[in-house]
């Protein structure tokens with residue numbers, strides 16, 4: 001029992017390390033090669049956890065090998081377009097100029113239901129609003145709507161606006177994020193000043209956001 | 001780039017460890033097989049003192065190898081070899097007819113272990 005517990009803990013740490021090593025994309029949308037590695041890793045990891053007669057090394061070696069190969073493949077793909085296409089395929093256009101490419105849909109085995117479901121996922125409920133739709137290598141649909149169906153922007157309305165980064169989360173549950181503080185061009189002294197002005201210490205702040213203009217918003221912890 | 005370097009290090013370590021494990025298994029199995037061969041030939045010659053000495057040596061060498069094997073081989077497989085080895089002395093003392101057959105069985109298992117790893 002204790003052995004199984006320890007094996008599970010070790011493999012959990014190893015898989016977290018492996019997924020981190022594979023990069024952020026692994027957590028979100030998977031490329032075909034990454035999907036294969038993820039499926040294999042999850043299967044391989046369960047064997048030495050369940051069966052204590054299998055040495056741990058038999059789980060560790062294939063997991064690390066697969067992850068390393070995936071990283072190498074990704075690195076090679078960065079350098080060669082041909083390899084990238086080989087490992088990940090190419091995005092395919094299924095709607096162009098507002099017209100559905102039925103031949104392409106058949107070759108992708110993409111049904112009308114799949115198309116409508118993906119469009120709804122992009123907040124498009126009328127196919128007539130679509131100018132261009134691309135099935136990405138991850139299988140996700142990217143949609144460009146017709147100009148007439150796109151919401152009006154400030155530019156369309158000739159409204160002047162400042163271009164600036166959105167506010168950053170500076171304090172979360174009393175914990176200061178120094179990197180975020182630096183990214184808005186402020187320091188601890190400024191932080192102390194604004195929290196004192198609000199009548200709280202940093203530890204008593206539930207959430208504090210600030211932007212590069214020095215505009216901030218503080219939410220105090222409740223029940224303190 | 002850091003990821004690629006980490007993976008290169010991992011692959012280098014895994015390759016070195018795999019080669020090391022293969023060499024270890026090969027050497028240890030060869031050693032054990034040669035002792036079993038000694039036991040078999042001594043039995044043919046009827047040299048009782050030599051057989052006892054070889055059996056002692058076989059048990060000693062197996063005890064030394066067991067820990068190493070347990071990291072790389074399936075537990076069931078090495079436990080089977082352990083069990084069969086523990087039976088050898090008793091069979092020999094009893095003058096069992098299948099003592100040599102049992103020795104050959106252990107030898108085959110060691111060959112299989114070497115081939116798998």
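Measuring nothing but how far apart in sequence close Cα pairs (under 8 Å, 6+ apart) lie, relative to its length, the stretch A:1-111 scores a relative contact order of 24 percent. Percent relative contact order of chain A, based on C-alpha pairs within less than 8 angstrom and at least six residues apart? Rounded, it is 12 percent for chain A. Counting beta carbons within 10 Å around each of B:67, A:220, A:160 and listing the fewest first gives the order A:160, B:67, A:220. In terms of surrounding Cβ atoms within a 10 Å radius of their Cβ, A:175, A:204 rank from fewest to most as A:175, A:204. Averaged over the residues of A:51-59, the number of partner chain Cβ atoms lying within 10 Å of the residue Cβ comes to 4.
Cα gyration tensor of chain A, axes a ≥ b ≥ c as square roots of the eigenvalues: rounded (a/c below 1.5), prolate (a/b > b/c) or oblate? Verdict is oblate for chain A. When the square roots of the Cα gyration tensor eigenvalues are ordered a ≥ b ≥ c, the ratio a/c for the stretch B:25-116 is 1.5 or more and a/b exceeds b/c, which makes its shape prolate. Classify the stretch B:78-117 as rounded, prolate or oblate, taking a ≥ b ≥ c as the square roots of the eigenvalues of its Cα gyration tensor: rounded when a/c is under 1.5, otherwise prolate if a/b is larger than b/c and oblate if not. Oblate is the answer for the stretch B:78-117, as a/c is 1.5 or above yet b/c matches or exceeds a/b. When chain A is treated as a GNM with alpha-carbon contacts under 10 Å, the residue of A:20, A:84, A:182 showing the greatest mean-square fluctuation is A:182. The relative contact order of the stretch A:132-211, computed from alpha carbon pairs under 8 Å that lie at least 6 residues apart in sequence, is 30 percent.
Just checking the listed ones, B:107, B:60, B:94: in the Gaussian network model of chain B with Cα springs under 10 Å, the one fluctuating most is B:94. Highest mobility in the GNM of chain A, judged by mean-square fluctuation with C-alpha springs under 10 Å and restricted to A:66, A:181, A:40, is found for A:181. Cα centroid separation, the stretch B:91-117 to the stretch A:158-224: 75 Å.
Read the figures in this text as sums done on the coordinates, not as results from a lab. A quick note: this is a predicted structure, and the numbers were derived from the prediction, not measured. When we count neighbours, we look across all protein chains shown, and the Cβ atoms used for this are built from the backbone with ideal geometry, even at glycine.
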